[in-house]
Amino acid sequence: MADKYLILDSHGNAVAHGVSDYRPQGGEWRMAIDDGDVEEIAKHTVICLVGDSDAVPAMEAKIVRREGNMVVLTPLRPLNQSVRKNLRILTSFSSFIYPRTGQWKGREPIISRDLSCGGLAFLCRRELQVGERVQVVIPITSQPLLLDMEILRCSKGQEGGYLYAAQFLDMLREEESMVREAVFSLQLRNN
């Protein structure tokens, strides 16, 4: 089974998607570049690879050479798995939140500001409390998702609203995968 990676250049910018049938243990291995400019990637000496699942280790790797649409790599060092959760993409989409705790009913419109595999920053006119739990509709995944979140931070936003940072809670593996895929696609598209 092939492992999929988001490839970040030496500046931390997403530049491509890669696929490898081999999970590196040391030594050289080949990765096919399936979305991105292999010539541009090959100009970098060191890249970061962030796998599309928890089973695929994030790592820093050295580019040894280019072979057609492939790069030959050697692993340099593992990266903390939190790298995957902390990949953030600035993105704006309209959606809704619903109360899980708190004293309000119905739905509240929001505008996203950034999305990561671990959470969402969003603007909302309703005042929410730190620690409050809500459900959010994520409309940019392959199928819309309804995810639980906890409010982590709040600041006064523009135009009378509030800017919130929230973390996703109790995500199923399939939900994590769908959000990760959306973040990776948006990262690549924006760079």
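The values are calculated or read from the model by the stated rules, or taken from the named source; none is laboratory data. Here the structure is a predicted model, which means the values were calculated and not measured. Quick reminder, even Gly has a Cβ in these numbers, built from the backbone with ideal geometry, and neighbours come from all protein chains shown. Ligands, DNA and RNA are excluded from the accessible area calculation, which covers all protein heavy atoms including side chains. Shrake-Rupley method; radii C 1.70, N 1.55, O 1.52, S 1.80 Å.
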Quick check: anything in the stretch 172-188 in a strand (DSSP E or B), open to solvent by less than 30 Å² (accessible area, probe 1.4 Å) and under 30 Å from residue 14 (Cα atoms)? no
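Quick grid of which residues meet (1) in contact (Cβ under 8 Å) with a residue 60 or more places away in the chain; (2) among the aromatic types (Phe, Trp, Tyr):
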site	(1), (2)
119	no, no
131	no, no
146	no, no
162	no, yes
168	no, yes
182	yes, no
185	no, no
When you go through (1) surrounded by fewer than 16 Cβ atoms within 10 Å (Cβ to Cβ); (2) assigned to a strand (DSSP E or B) one by one for residue 103, which number turns out not to apply? (2)
Filtering the stretch 1-27 down to residues that are without any contact (Cβ under 8 Å) to a residue 24 or more places away in the chain and within 21 Å of the chain's Cα centre (by Cα), which residue is least open to solvent (accessible area, probe 1.4 Å)? 20
Taking the stated definitions as given, is residue 166 in contact with a Gly (Cβ under 7 Å, 6 or more places away or on another chain), crowded, with 16+ Cβ neighbours inside 10 Å, among the hydrophobic types (A, V, I, L, M, F, W, C) and more than 21 Å from residue 51 (Cβ to Cβ)? yes
Filtering the stretch 145-163 down to residues that are open to solvent by 50 Å² or more (accessible area, probe 1.4 Å) and assigned to a strand (DSSP E or B), which residue is farthest from residue 51 (Cα to Cα)? 156
In the stretch 75-91, how many residues are of a type in the set (Val, Ile, Thr) and either modelled with pLDDT of 70 or more or not in a helix (DSSP H, G or I) (or both)? 2
Since residue 130 meets every condition but one in (1) assigned to a loop (DSSP other than H, G, I, E, B); (2) surrounded by 13 or more Cβ atoms within 10 Å (Cβ to Cβ), which condition does it not meet? (2)
Taking the stretch 28-54 and the residues there that are farther than 28 Å from residue 173 by Cα and open to solvent by 70 Å² or more (accessible area, probe 1.4 Å), the one that is farthest from the chain's Cα centre (by Cα) would be 28
